[in-house]
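Novice: Sharing a structure here in structure tokens format.
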Amino acid sequence: MSDNGAPTKTISDFEAKLAEADKNVASFERDDKTLIRRARAFLRGNPTAIPALVLIISVAIFGIIAPRFLGAGALSVVLQQVTVTGIVAIAQTLVILTAGIDLSVGAILVVSSLIMGNLGVNLGWPPALAIMVGMFFGGVMGWINGVLVAYVKLPPFIVTLGTLSVFTALKLWYSHSESIRNVDIEAKAPSLLWFGEAIRFGGFKITYGSLSLIVLAALIWYVLAHTAWGRHVHAIGDDPDAAMLSGIKSKATLVSVYTVAGVICGFAAWVAIGRVGSVNPVSFDTVNLASITAVVIGGTSLFGGRGSIIGSVLGAMIVGVFNTGLSLAGVDDYWQMFAAGNLVIIAVALDQWLRRASQ
């Protein structure tokens, strides 16, 4: 007891030591300031950065290996070669953004071109009407894929693998395995060849088909980036359950994506007729894999939700640059395929690395 009668407060040894304890607050922040993590965050937020850089480096390297590559003629050829693949890659990008895939895009293109050619040349329909009908049936074939994926709930790979065979059989039946010659198209429906015409700037030549690729890429980029439909497409690919809970009509959006992709393939059919100057039921058989290759190299994730239309176009150009550059350097065709395959593997590995950055 103290002298004034107040109780004495006993301080334990533990409490006495509290005054000597470290007052610093524990921190659990991750060290995200390393160069690698910054680079990974930047690349994840800018999926077109890698294909743009690869394209620039590829052009520079092939310009050194084969000086003719930097000539206006060679660059014109590259742009013409990738026009049809680039347009189909835009359609493929829309589907892959939803975590799907479309193996039937090439067959849709050919069937649409056969319809345009048959109606405009063999049956004498007005070319504009023949083109619209061809694009319409391209949309119908895409709609069939979308309904089977969204409402029947079949895997996109299986659905489009099956419709690839169905549409391939239909194109052979419809065409009787016969081509429509250039001279017949020029005589009866020259409008079908319009996208093959070109504008010349000195030694450089750019076709209307190549210009259409640029315009279409800009249009679809704007739609994806600045419309509700575009945001819904990304949301479905990123997390379909969360998209559904947020009120997005996932099934209707999926069907619309496949339908729009079909219409774009129908448009690519018109461009393809101008590119090759004829209609052939066995042409563009490799555009299915070529479009997927362009999309993957362009930075679009096969798991959906992340990608870029511009990146897919750049991916198509990268493949075109490699093929043309290696040809001018005297490299055999099988090494060109070897290079394209390695590009795909590297692109997928990079996508996995970027995905782990967000987990």
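Novice: Rg and Dmax in Å for the stretch 146-223, alpha carbons only: what are they?
Specialist: When restricted to Cα atoms, the stretch 146-223 yields Rg and Dmax of 18.9, 54 Å.
Novice: Once both labels are modelled 7 Å past Cα along the beta-carbon direction, what's the TRP335-SER177 spacing in nm?
Specialist: 3.7 nm
Novice: Sorted by average packing, counted as other Cβ atoms within 10 angstrom per residue and highest first, what order do 230-237, 246-253 take?
Specialist: Going from most to least packed, we get 230-237, 246-253.
Novice: To the nearest Å, what is the center-to-center distance of the stretch 284-309 and the stretch 154-181, using C-alpha atoms only?
Specialist: 21 Å
Novice: A further question follows. Measure of size requested: the Rg and Dmax of the chain, with Cα atoms as the atom set and Å as the unit; please supply both.
Specialist: Rg, Dmax (Cα atoms, Å): 27.9, 123.
Novice: Lysine pairs in the chain 8 or more apart or on different chains: how many have alpha carbons under 25 angstrom apart?
Specialist: 5
Novice: Quick one: accessible area per residue over the stretch 264-337, 1.4 Å probe, rounded to a whole number of Å²?
Specialist: Value for the stretch 264-337: 35 Å² per residue.
Novice: Evaluate the stretch 59-115: find the radius of gyration of its Cα atoms, find its Kirkwood radius, and give the ratio Rg to Rh.
Specialist: Reported Rg/Rh (Cα atoms, Kirkwood Rh): 1.17.
Novice: Next up: Between SER327 and VAL215, what is the label-point separation in nm under the 7 Å Cα-to-beta-carbon projection?
Specialist: Those two pseudo-labels are separated by 2.7 nm.
Novice: Also, I was wondering about something else. At what distance in nm do the modelled label points of LEU154 and LEU170 sit from each other, each positioned 7 Å from its Cα along Cα→Cβ?
Specialist: Each label point lies 7 Å from its Cα, and together they span 1.3 nm.
Novice: Could you tell me how many degrees, from 0 to 90 and to the nearest 10, lie between the Cα long axis of helix 83-97 and the main elongation axis, the longest principal axis, of the Cα atoms of the chain?
Specialist: That works out to roughly 40 degrees.
Novice: In the full protein assembly as shown, how much of LEU326 is accessible to a 1.4 Å probe, in Å² to the nearest 10?
Specialist: Probe radius 1.4 Å; accessible area of LEU326 about 30 Å².
Novice: Could you compute Rg(Cα) / (2.2 N^0.38 Å) for the stretch 239-359, with N its residue count?
Specialist: Ratio of Cα Rg to 2.2 N^0.38 Å: 1.29.
Novice: Over all directions, the average projected area of the alpha-carbon convex hull for the stretch 73-219 comes to how many nm²?
Specialist: For the stretch 73-219, the mean projected area of the Cα convex hull comes to 10.1 nm².
Novice: Sort 140-153, 67-80, 312-325 by packing, meaning the average of other beta carbons within 10 Å per residue, with the highest value first.
Specialist: On the way: 140-153: 20.4, 67-80: 17.2, 312-325: 25.9.
So the order, starting with the most tightly packed, is 312-325, 140-153, 67-80.
Novice: Divide the volume of the convex hull of the Cα atoms of the stretch 108-157 by its number of residues and quote the answer in cubic angstrom per residue.
Specialist: Given the Cα convex hull of the stretch 108-157, per-residue volume reads 61 Å³.
Novice: Using alpha carbons only, how many degrees (0 to 90, rounded to 10) separate the axis of helix 49-65 from the longest principal axis of the chain?
Specialist: Once rounded, the angle reads 60 degrees.
Novice: Something else about it: Protein chains only, probe 1.4 Å: how do MET244, MET337 rank by accessible area, largest first?
Specialist: MET337, MET244
Novice: For a Förster distance of 25 Å, can you work out the FRET efficiency between the beta-carbons of PHE303 and THR227, rounded to the nearest 0.05?
Specialist: Working: r = 23 Å, r/R0 = 0.92.
Step by step, r from the Cβ atoms, then E = 0.60.
Novice: Right, next: Express the C-alpha Rg of the stretch 219-295 as a ratio against the empirical globular expectation 2.2 N^0.38 Å, rounded to two decimals.
Specialist: 1.39
Novice: Can you give the extra length, in nm with one decimal, that the chain gains between ARG200 and ASN342 once fully stretched, where that is 0.36 nm per residue apart less the Cα-Cα distance?
Specialist: 47.6 nm
Novice: Mind ranking LYS188, LYS205 by accessible surface for me, highest first, 1.4 Å probe?
Specialist: These residues rank, largest area first, as LYS188, LYS205.
Novice: When the accessible area of the stretch 124-245 is split by element with a 1.4 Å probe, what percent falls to carbon and sulfur?
Specialist: 70 percent
Novice: What are the residues whose amide H is under 5 Å from the amide H of THR207, where those residues sit 5 or more places off or on another chain and H is modelled from the backbone?
Specialist: HN-HN under 5 Å from THR207: ILE199.
Novice: Could you sort the peptides 156-167, 254-265, 193-204, 84-95 by per-residue average Cβ neighbour count (10 Å cutoff), highest mean leading?
Specialist: Output ranking for 156-167, 254-265, 193-204, 84-95: 84-95, 254-265, 156-167, 193-204.
Novice: How large is the helix-only mean residue ellipticity at 222 nm for the chain, computed as the sum of -39500 (n - 2.57) over DSSP H runs with n ≥ 4, divided by its residue count, in deg cm²/dmol to the nearest 500?
Specialist: Details: 16 runs with 242 residues, N = 359.
Dividing the helical sum by the residues of the chain leaves -22000 deg cm²/dmol.
Novice: Sticking with this structure for a sec: For helix 127-150, report the angle its Cα long axis makes with the longest principal axis of the Cα atoms of the chain; keep it between 0 and 90° and round to the nearest 10°.
Specialist: 40 degrees
The values are calculated or read from the model by the stated rules, or taken from the named source; none is laboratory data. Here the structure is a predicted model, which means the values were calculated and not measured. Here Cβ is always computed from backbone atoms with ideal geometry, including for glycine, and neighbour counts include all displayed protein chains. In case anyone asks, the SASA skips ligands and DNA or RNA and just uses the protein heavy atoms, side chains included. Shrake-Rupley method; radii C 1.70, N 1.55, O 1.52, S 1.80 Å.
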